Amino acid sequence: MDPSPDRTPSQTDESTTVPSMDDTIGQKTKPSSRAARAIQGCDWHYSHNDHPSVWGHSLVWRMVHTFTQAFPFAFRLYDKAAGRSKIDLAIERLSSLKGKRAQPVYVLMDSWYPSQALIEACLKQGFHVIAMLKTNRILYPKGIAIQAKEFARYIEPQDTRFVTVGSERYRVYRYEGALNGLDDAVVLLAWKADQPMTPDHLHVVFDTDRELSDEDILRYDAQRWTIECFFRQAKDQLKLDGYRVRHIRAVKRYWAVVLFACVYSIVESQQDLSSGLELLRSRKGHSIVEFIYDAAKQEIPIDVIKKQLHVA
């Protein structure tokens with residue numbers, strides 16, 4: 001096999017729109033059969049992290065990235081009883097991204113989402129797709145059907161080239177051709193440079209834009225982790241899954257407040273969610289100290305100050 005040719009990274013514009021799609025679970029305790037007022041909308045959902053099914057709400061989120069910031073943009077509850085799949089919800093979320101754009105749109109997703117229906121929906125809107133693929137995805141090198149992980153066994157180090165993205169260095173083999181559902185696409189078979197080239201360490205990244213270099217494909221794909229970080233931060237620091245209200249309308253309003261808090265934090269800091277929350281907490285701390293200082297100067301009784309701060 002010939003190594004993929006060296007490609008000069010394209011000068012991707014920082015204004016390029018990069019939406020990403022993913023889902024998360026707001027886990028709850030399964031109520032007893034005699035519970036009179038259970039939280040509405042809950043069901044059993046498969047957890048990518050915990051593997052077994054867990055009880056709770058499953059949310060499909062859309063995030064919008066640039067190369068400097070990432071914003072949680074919209075969410076939709078996945079309701080099994082409604083008969084619509086997560087793919088259907090993802091297509092619906094992406095369909096709202098309308099209007100002509102000077103720069104291309106690259107939709108990022110993990111290996112659970114790149115179905116033929118979703119890819120075709122993106123291409124129909126003029127969007128490109130960059131996604132992780134499962135290692136058992138079928139490729140067709142020289143017209144022969146073979147799983148990506150089996151194809152990787154035939155790739156030698158001299159067939160690859162080194163690609164650096166941020167602080168990570170990869171060995172990359174570039175495949176251009178057909179895969180199930182598409183006649184023409186780019187698939188990168190990549191290994192971290194310090195790991196053996198075995199199927200266990202294989203990363204498979206799919207792209208519909210053949211003009212993108214290997215570097216740019218991996219650089220875009222790296223942004224996909226932002227939504228995973230958002231889920232963790234939103235749960236740990238903003239209690240995205242901490243609601244106790246029971247009516248589904250109240251639950252959705254709770255999620256909307258969390259979404260607003262995230263966007264507000266990011267805008268205020270002009271950085272990421274973590275930096276935004278740190279900035280707002282710092283501001284609050286300073287305002288409390290200044291309030292106590294001013295109250296002390298005015299000789300306001302300590303009991304009044306405690307009451308104002310809700311610590312009485």
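The values are calculated or read from the model by the stated rules, or taken from the named source; none is laboratory data. Just so you know, these numbers come straight off a predicted model, no measurement behind them. Reconstructed Cβ throughout: ideal geometry from the backbone, glycine too, with neighbour counts over all protein chains shown.
Numbers at a glance
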{"item": "Pair list, Cβ < 8 Å and 6+ apart or interchain, from the range 274-291 residues that are charged (D, E, K, R) to residues that are surrounded by 14 or more Cβ atoms within 10 Å (Cβ to Cβ)", "result": "278/269"}
{"item": "Residues located in the range 197-240, provided they are under 17 Å from the mean Cα position of the chain (by Cα) and part of a loop (DSSP other than H, G, I, E, B)", "result": "223, 224, 240"}
{"item": "Contacts under 6 angstrom Cβ, first residue in the range 230-256 being without any contact (Cβ under 8 Å) to a residue 40 or more places away in the chain, partner of a type in the set (A, V, I, L, M, F, W, C), 6 or more apart", "result": "238/258; 238/261"}
{"item": "Test for residue 80: is it modelled with pLDDT of 90 or more, exposed (fewer than 15 other Cβ atoms within 10 Å of the Cβ) and not acidic (Asp, Glu)", "result": "yes"}
{"item": "Odd one out for residue 165 among (1) touching a strand residue (DSSP E or B) at 6+ places or on another chain (Cβ under 9 Å); (2) surrounded by 17 or more Cβ atoms within 10 Å (Cβ to Cβ)", "result": "(1)"}
{"item": "Qualifying positions in the range 128-160 - in contact (Cβ under 8 Å) with a residue 60 or more places away in the chain and more than 26 Å from residue 18 (Cα to Cα)", "result": "154, 155, 156, 158, 159, 160"}
{"item": "Cβ-Cβ under 6 Å pairs, at least 6 apart or on other chains, the range 105-123 side modelled with pLDDT of 90 or more, far side surrounded by fewer than 15 Cβ atoms within 10 Å (Cβ to Cβ)", "result": "111/134; 116/181"}
{"item": "Hits in the range 170-184 (condition: surrounded by 13 or more Cβ atoms within 10 Å (Cβ to Cβ), free of Cβ contacts under 8 Å to residues at least 40 places away in the same chain and in contact with a Lys or Arg (Cβ under 8 Å, 6 or more places away or on another chain))", "result": "171"}
{"item": "Single residue of 178, 190 found to be of a type in the set (Gly, Ala, Ser), under 24 Å from the mean Cα position of the chain (by Cα) and either in a strand (DSSP E or B) or at pLDDT 95 or above (or both)", "result": "190"}
{"item": "Which listed residue is in the same structural domain as residue 109 (by TED's automatic domain parsing), of a type in the set (Val, Ile, Thr) and out of contact with any Asp or Glu (no Cβ under 6 Å at 6 or more places or on another chain), from 172, 187", "result": "187"}
{"item": "Residue 89 vs. criteria in the same structural domain as residue 206 (by TED's automatic domain parsing), assigned to a helix (DSSP H, G or I) and farther than 30 Å from residue 166 by Cβ", "result": "yes"}
{"item": "Subset of the range 2-58 that is at pLDDT below 85 and either on the phi > 0 side of the Ramachandran plot or not in a loop (DSSP other than H, G, I, E, B) (or both) - its residue that is surrounded by the most Cβ atoms within 10 Å (Cβ to Cβ)", "result": "17"}
{"item": "Any hit, the range 77-84, residues being under 16 Å from residue 241 (Cα atoms) and either assigned to a strand (DSSP E or B) or touching a helix residue (DSSP H, G or I) at 6+ places or on another chain (Cβ under 8 Å) (or both)", "result": "yes"}
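To keep it simple, each residue is scored yes or no on (1) surrounded by 14 or more Cβ atoms within 10 Å (Cβ to Cβ); (2) over 20 Å from residue 59 (Cα atoms); (3) touching a Lys or Arg at 6+ places or on another chain (Cβ under 6 Å).
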site: 95; (1), (2), (3): no, no, no
site: 104; (1), (2), (3): yes, yes, no
site: 112; (1), (2), (3): yes, no, no
site: 115; (1), (2), (3): yes, no, no
site: 128; (1), (2), (3): yes, yes, no
site: 134; (1), (2), (3): no, yes, no
site: 141; (1), (2), (3): yes, yes, no
site: 145; (1), (2), (3): no, yes, no
site: 153; (1), (2), (3): no, yes, no
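Here's the yes/no breakdown for (1) touching an Asp or Glu at 6+ places or on another chain (Cβ under 9 Å); (2) within 30 Å of residue 152 (Cα to Cα); (3) surrounded by 13 or more Cβ atoms within 10 Å (Cβ to Cβ); (4) not assigned by TED's automatic domain parsing to the domain that holds residue 152:
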residue	(1), (2), (3), (4)
202	no, yes, yes, no
205	yes, yes, yes, no
240	no, no, yes, yes
273	no, no, yes, yes
280	yes, no, yes, yes
285	no, no, no, yes
